[in-house]
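Written out below as C-alpha cells is the structure these notes cover.
The values are calculated or read from the model by the stated rules, or taken from the named source; none is laboratory data. Everything quoted here is computed from the prediction, not taken from an experiment. Please note: Cβ atoms are built from the backbone with ideal geometry, for glycine as well, and neighbour counts cover all protein chains shown.
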C-alpha cells in the first residue's frame, strides 16, 4: 500500500474516491500472494523440513502461480486505463492503482516474504487439543483437510476429463454473455433523465445570425408548448 501511494507521485494521481476505492479492493487482493507463500512453507515444515529447505521447496511450487496471478490481473486492469471517453477518465486511476499494488505485492511475495519465512518461522509442537478452543480447532482443521482433499479430487477429475472442463467453460461463457446482454452496459443506464436534446441543422452557407434566429424560434416554441418545462439552454455554432 505504501509503495502504491509512492507511485501516485510519479503518475500524478491524487487521493480521491476512486483511488481510495481501488486501495480498499487491493487490500483484499495483495494479501493473497504472501499468504500463499507462508502457508506453503508451513505445510512443508509440518512434513519435517527445516525452514530454509521448506522455503526453497515452497517457492519452487508457488512462484509460478504468484507471477501468473499478477499478470492475469494486469491483463484485466491495465487495458482499462487506455479506454476513452467518460469511462476512461473515471477508471484510469482506479485500474492503475490496483495493477500497481498487485505488481508490488507479487514482487514482495517473491523476494521479501521467502526471506522472512526462512528467518522467522520456527518448528513448533502442536498443542491444539488442550481446552475447549483447542478441541474446536482440531475438529475444524480435520474438516478443512477433508474439504481440501475433496476439492483436490474434483480438480483432478476435471484435469483427467479435459473435454468436460472445456464444456463447463463454454457454458460459463454463454451464461456470462447472456447476463451481459441483460444488464445495462453503460455507465448511466438508458432511462428518462428528465431532459431532451435537439439539434437544428440549416443549409450550408447559412449565417450565424440566421441560425441564431432559428434556434430562438425553436426554443420559444418549446417553452410555449410544454408547460412542465423548467428551463432551456441553446448553443449555436456546433452540434453537441
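Out of 171, 179, one residue alone is at pLDDT 85 or above and either in contact with a helix residue (DSSP H, G or I) (Cβ under 9 Å, 6 or more places away or on another chain) or within 30 Å of residue 24 (Cβ to Cβ) (or both). It is 179.
With respect to residue 148, determine if the residue is over 29 Å from the mean Cα position of the chain (by Cα), free of Cβ contacts under 8 Å to residues at least 60 places away in the same chain and not assigned by TED's automatic domain parsing to the domain that holds residue 74. Steps first, answer last, please.
Working: over 29 Å from the mean Cα position of the chain (by Cα): no; free of Cβ contacts under 8 Å to residues at least 60 places away in the same chain: yes; not assigned by TED's automatic domain parsing to the domain that holds residue 74: yes.
Answer is no for this residue.
Annotation note: of 67, 62, 80, 76, the sole residue that is in contact with a helix residue (DSSP H, G or I) (Cβ under 8 Å, 6 or more places away or on another chain) and surrounded by fewer than 16 Cβ atoms within 10 Å (Cβ to Cβ) is 67.
Out of curiosity, is residue 81 over 19 Å from residue 31 (Cβ atoms) and in contact (Cβ under 8 Å) with a residue 40 or more places away in the chain? No: the conditions fail for residue 81. Would you say residue 48 is under 22 Å from residue 148 (Cα atoms) and surrounded by fewer than 19 Cβ atoms within 10 Å (Cβ to Cβ)? The answer is yes for residue 48.
Selection of the stretch 33-45 for residues being buried (at least 16 other Cβ atoms within 10 Å of the Cβ) and within 15 Å of residue 112 (Cβ to Cβ) yields 33, 34, 36, 37, 38, 41. Among the residues in the stretch 80-90, are any under 23 Å from residue 2 (Cα atoms), modelled with pLDDT of 85 or more and part of a helix (DSSP H, G or I)? There is no residue in the stretch 80-90 that is under 23 Å from residue 2 (Cα atoms), modelled with pLDDT of 85 or more and part of a helix (DSSP H, G or I).
From the list 30, 10, the one residue that fits, being in the same structural domain as residue 118 (by TED's automatic domain parsing), surrounded by 16 or more Cβ atoms within 10 Å (Cβ to Cβ) and assigned to a helix (DSSP H, G or I), is 30.
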